[in-house]
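One structure is given here, and the rest of the page talks about it.
FYI, it's all coordinate maths here, none of it is from the lab. The model shown is predicted, which means the values in this text are computed figures rather than measured ones. Cβ placement follows ideal geometry from the backbone for every residue including glycine, while neighbour counts extend to all protein chains displayed.
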């Protein structure tokens, strides 16, 4: 899995490279998902939609990324998972951004989240699942610096490319009134479920 993330920045399509590059240069960012291999596809999309709503409500910019990775790599429970991930930009320079991302990674049972400091230097995987050994829970594992547009050795491809950006950066302010309402309702539903 480490090899996979040594070259994480290479998993971007040409059409999204300049836009994503600018977000990474200007702001802290992260890549992660609410998908888990043990959940049905439909439930994973619901989980990811809820995660996206929570990120938008917090003022972050979000864009969808198609990708794949191996959960529980190098264990008997290893499973290659194709999933819809989210690229998240800390567009208001929230000082708690990385802590919030780690908490959300834990909430959605992720093995880790990819943290990308402003400028794309010294990115790291942060372990967010207590039962996972790689990376260890609560610890960061360096994956290096951003390298755009190159291929890597260790990742499955989706539609011939390891990552594909599918839409522009979305923000809460750009949402229609109905979409803002939907975001609020999804977050309320999450909060009500967690408070039971």
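The slack between residue 130 and residue 178, meaning 0.36 nm per residue of separation minus the straight C-alpha distance, is 13.5 nm. Taking 0.36 nm per residue of sequence separation and removing the Cα-Cα distance, the residue 191/residue 57 pair yields an extension gain of 47.0 nm. The stretch between residue 46 and residue 19 holds 7.0 nm of extra length on full extension. This uses 0.36 nm per residue minus the Cα-Cα distance. Of the peptides 48-57, 95-104, the order by per-residue mean of other Cβ atoms within 10 Å, starting with the highest, comes out as 48-57, 95-104. Here 63, 131, 75, 171 are placed in order of increasing Cβ neighbour count within 10 Å, fewest first, which gives 131, 75, 171, 63.
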